[in-house]
Every structure is written in structure tokens, then in C-alpha cells.
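Step one of this worksheet: look at the structure below.
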Amino acid sequence: GWLALGLIVAGMFVLMWFLLWIRSRERAGREALLSTALFRNRASILGLITQNIQWLVLMGVSFVVSAFLQVVRGYNAIETGLILTAATVGLLLSSLAAERLAKRHAQRMLIQTGFGLTIAGIVLFLAVVGASKSVWAFLPGLFLIGLGIGIMLTPSVSVVQSSFPDERQGEISGLSRSISNLGSSLGAAIAGTILVAQLTRTPERAYALAMIVLAVISLIGLVTAFFLPSSSTSTPTGSQRAPSTPDR
């Protein structure tokens, strides 16, 4: 535990040092890896937070369900993959409808809907799997989770990238990808920590606790989505001007 805490603190110091470093280069008139202007756009920051949480929940759920199926239920890797296909189907269906949904609904509403469906999917998963030993009990909840995450992935990226002009697209794309990867890492780390930390009386309950924590994190994402600009729509990349103030 102390080692983990030390690594977290060290990581925070590294990030702080990086931010101070790029600020010093900008003040000196030298080229920086990332512009600090990327961190002064309110809509973009909120979009990055939702993006991070989406990947955190997706990878966290995949980790917990995979471990549960193989450790508790005794399924092999192929059987586990087949069961997780339910979430993949939900992701694919919502991705195929992403363009039509973006034309009809505001991005903020799609992100809110996605988080709502994801939370509902986790609740359904816990209720049905807890009441039934059948393999089919996993499918409805996983499908709903995949559907919810798929609905909000594209709008979150669009919110972030449409907040900057064309000349900033390379930087914001790299930052967006980094935030997504960070979310994936956090999802596996948080879920894995809960499973091995012996926080519950029985190991089986640790899996339920991990899913509950992921649902709470999804709720944080839902609340964050309510602070996104209500007028956010599918504006083509680069069509908006660069933000002049942090509150744009």
C-alpha cells in the first residue's frame, strides 16, 4: 500500500514538473510538446474527463468480468471471450448509429445517455448474475454496458477536438489519446486493486464491490456531462475559432 501511494505521489510530481517545463518553454518563446492553451478550454477539459472515465469503466468492467468468469465460474479463455462478445455487440451497434445520432441529438445529451445506460447495465448485471447461475445471465447487462459506452465515445472525442482550430488538431488528438490510455490503465488498476485488497468477507463479493465502484465512477462521469456546453453539436473539426478565454 505504501509503495502504491509513493508511486502515485511520484507520478503527480512528474506531471507537475512536465506542466511547469512546457510553461517555461512557452514563456521563453521556444516550441513546447503541448501548448498550455489546451488546458484552458472548459469544454475540452470536461470532454477529456468524460473520455477518461469511459475508458476506465470499459476496461474495468472487462477486467472484473473476465476474472470472475475464469476464477469463480471456472470458464476458460475462449468461453470468457464469447460471453464478453455481448458488450462488443453493444459497442458495434451504437458505433454504427453514431453518425445518425450525432445529427439528431446534442453531444451533451448523447454523453449523458451513454453514462445512464452504462450505470443501468452495471446494476442489471449485478442483479441478474446475483440471482442466476446461468451463463445467459451475463448477456443483458454486458450488452447494455457496451451500448452505453459506444453511444458516448464519439461525442466525447468530438467535444474535445471541435474546441480547437485545425492547427491545434495534432496536439489535442495526442492529448486525447493519452487521456484515453490513462483511463484504460486506471480501470484495470482500480478493479485489480479492489479484487486483491481483501476488502470483503469473501473473495466473490470483491467482484461485486469492484462493479459497484465502477458504477459510482460512471455516476461521476454523468454529473460531469451535465456541465458540458448545452449547445455542443456535431461541428466539423476546425470550424470553430480558438478559445480566447478559459470559460468558452
**OP:** Average the reciprocal distances over every distinct pair of alpha-carbons in the chain, invert the result, and give the Kirkwood radius in Å.
**Re:** 19.4
Subject >> Anisotropy class of the range 1-123 from Cα gyration tensor, a/c 1.5 cut >> reply: oblate
Subject >> Kirkwood-based shape ratio for the range 54-99, expressed as Rg/Rh from alpha carbons >> reply: 1.06
Original post:
Carbon-plus-sulfur fraction of the accessible area of the range 16-97, 1.4 Å probe, in percent?
Top reply: 67
Original post:
Mind listing which trypsin sites (Lys or Arg not before Pro) in the range 134-209 are in a DSSP loop and have 12 or fewer other Cβ atoms within 10 Å?
Top reply: R201
Original post:
Label Q198 and L15 with points 7 Å out from Cα along Cα→Cβ: what is the distance between them in nm?
Top reply: 3.1
Original post:
Accessible area per residue of the range 1-146 at 1.4 Å probe, in Å²?
Top reply: 56
Original post:
For the range 1-57, what is the largest minus smallest coordinate of the Cα atoms on each principal axis, given in angstrom and ordered from greatest to least?
Top reply: 42, 28, 14
Original post:
Who wins for biggest fluctuation among S132, S185, S218 in a Gaussian network model of the chain, springs between alpha carbons below 10 Å?
Top reply: S132
**OP:** Classify the range 102-213 as rounded, prolate or oblate from the Cα gyration tensor: take a ≥ b ≥ c as the square roots of its eigenvalues, call it rounded if a/c is under 1.5, otherwise prolate when a/b beats b/c and oblate if not.
**Re:** oblate
**OP:** Report the extension gain between R40 and F227 in nm, rounded to one decimal, defined as 0.36 nm multiplied by the number of residues separating them, less their alpha carbon distance.
**Re:** 65.8 nm
Subject >> Spin-label model distance (nm) - S173 vs R23, 7 Å beyond Cα toward Cβ >> reply: 2.9
Subject >> Rough spin-label spacing in nm, given labels placed 7 Å along Cα→Cβ, for S185 and W2 >> reply: 2.5
**OP:** Among L117, L92, L222, determine the one that fluctuates most according to a GNM of the chain built with springs between C-alpha atoms less than 10 Å apart.
**Re:** L92
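The values are calculated or read from the model by the stated rules, or taken from the named source; none is laboratory data. None of the values given here were measured: they were computed from a predicted structure. Don't worry about glycine lacking a Cβ; one is built from the backbone with ideal geometry, like all the others, and counts go over all protein chains shown. Ligands, DNA and RNA are excluded from the accessible area calculation, which covers all protein heavy atoms including side chains. Shrake-Rupley method; radii C 1.70, N 1.55, O 1.52, S 1.80 Å.
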